[in-house]
Amino acid sequence: LSGQEARVNKAEALIKTARFLFDNGYYNDCISRAYYAIYHAIIAILALRRNIVRHRWDHVELYKAFLDNFCKRGFLLSQRDGSIFFELMTKRTQADYDMVVFSKKSVEGLLLKAEKLVAKIGQEMRDA
């Protein structure tokens with residue numbers, strides 16, 4: 001497997017883990033896994049479609065690169081996709097570091113959006 005294929009596989013495994021955690025009532029952990037699923041999918045598509053490769057990505061830098069290379073241009077992905085990533089990035093920080101407890105209702109829609117975005121990026125990777 002190429003590095004990008006391995007990242008997409010990791011993203012798909014993480015989003016399945018997020019679904020498992022959601023189904024079992026671990027909503028904060030679900031948010032974290034969903035975020036990292038998108039994080040790895042975005043790193044993969046930046047490498048494949050834009051040849052932007054880094055050993056490590058800062059979360060904010062990755063968000064900006066995602067917006068600049070895909071969302072703002074409307075190339076493959078939309079502004080909505082960028083806002084999903086940003087919302088998950090914000091909630092992941094809260095879920096991991098703050099004493100916030102997310103409810104099933106507050107996480108359910110976000111998980112569905114994350115699943116769709118990971119699937120969309122995965123499909124774009126396979127079509128490349």
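The set of residues in region 40-86 being without any contact (Cβ under 8 Å) to a residue 40 or more places away in the chain, open to solvent by less than 40 Å² (accessible area, probe 1.4 Å) and within 17 Å of Lys116 (Cβ to Cβ) consists of His40, Phe66, Phe70, Cys71, Asp81, Gly82. Looking at Ala11, Ala47, can you tell me which residue is at pLDDT 95 or above and in contact with a helix residue (DSSP H, G or I) (Cβ under 9 Å, 6 or more places away or on another chain)? Selected residue: Ala11, the only one of Ala11, Ala47 that is at pLDDT 95 or above and in contact with a helix residue (DSSP H, G or I) (Cβ under 9 Å, 6 or more places away or on another chain).
Yes/no matrix, rows are residues, columns are (1) part of a helix (DSSP H, G or I); (2) at pLDDT 95 or above; (3) of a type in the set (A, V, I, L, M); (4) over 20 Å from Ala44 (Cα atoms):
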{"site": "Leu88", "(1), (2), (3), (4)": "yes, yes, yes, no"}
{"site": "Gln94", "(1), (2), (3), (4)": "yes, yes, no, yes"}
{"site": "Val101", "(1), (2), (3), (4)": "no, no, yes, yes"}
{"site": "Leu112", "(1), (2), (3), (4)": "yes, yes, yes, yes"}
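Going through (1) surrounded by fewer than 23 Cβ atoms within 10 Å (Cβ to Cβ); (2) at pLDDT 95 or above; (3) touching a helix residue (DSSP H, G or I) at 6+ places or on another chain (Cβ under 6 Å) one by one, Asn24 falls short only on (3). Cβ separations smaller than 7 Å between residues 6+ apart or across chains give the following pairs from region 87-99 residues that are touching a residue at least 12 places away in the same chain (Cβ under 8 Å) to residues that are among the β-branched types (Val, Ile, Thr) and part of a helix (DSSP H, G or I): Leu88/Ile31; Leu88/Ile38; Lys91/Ile31; Arg92/Ile31; Ala95/Ile31.
Within region 76-83, is there a residue that is assigned to a loop (DSSP other than H, G, I, E, B) and in contact with a Leu (Cβ under 9 Å, 6 or more places away or on another chain)? Yes, because at least one residue in region 76-83 is assigned to a loop (DSSP other than H, G, I, E, B) and in contact with a Leu (Cβ under 9 Å, 6 or more places away or on another chain). Looking across region 1-38 at every residue that is closer than 21 Å to Thr90 by Cα and of a type in the set (Lys, Arg), the one that is nearest to the chain's Cα centre (by Cα) is identified as Arg33.
Is at least one residue of region 87-104 open to solvent by 40 Å² or more (accessible area, probe 1.4 Å), touching a His at 6+ places or on another chain (Cβ under 9 Å) and within 18 Å of Asn28 (Cβ to Cβ)?
Of the residues in region 87-104, the ones open to solvent by 40 Å² or more (accessible area, probe 1.4 Å) are 87, 90-91, 93-94, 96-101, 103-104.
In the following step, the residues that additionally are touching a His at 6+ places or on another chain (Cβ under 9 Å) were identified as 93.
Of the ones still in play, those that are also within 18 Å of Asn28 (Cβ to Cβ) are 93.
Looking for residues that are open to solvent by 40 Å² or more (accessible area, probe 1.4 Å), touching a His at 6+ places or on another chain (Cβ under 9 Å) and within 18 Å of Asn28 (Cβ to Cβ), one finds at least one in region 87-104, hence yes.
Checked against (1) in a helix (DSSP H, G or I); (2) within 30 Å of Lys105 (Cα to Cα), Gln4 meets all criteria but (2).
The values are calculated or read from the model by the stated rules, or taken from the named source; none is laboratory data. What you see is a predicted model, and the numbers here were worked out from it, not measured in a lab. No Cβ is skipped: glycine too gets one built from the backbone with ideal geometry, and neighbour counts run over all protein chains shown. Each accessible area value is taken on the protein alone, full model and side chains, heavy atoms only, with ligands, DNA and RNA left out. Shrake-Rupley method; radii C 1.70, N 1.55, O 1.52, S 1.80 Å.
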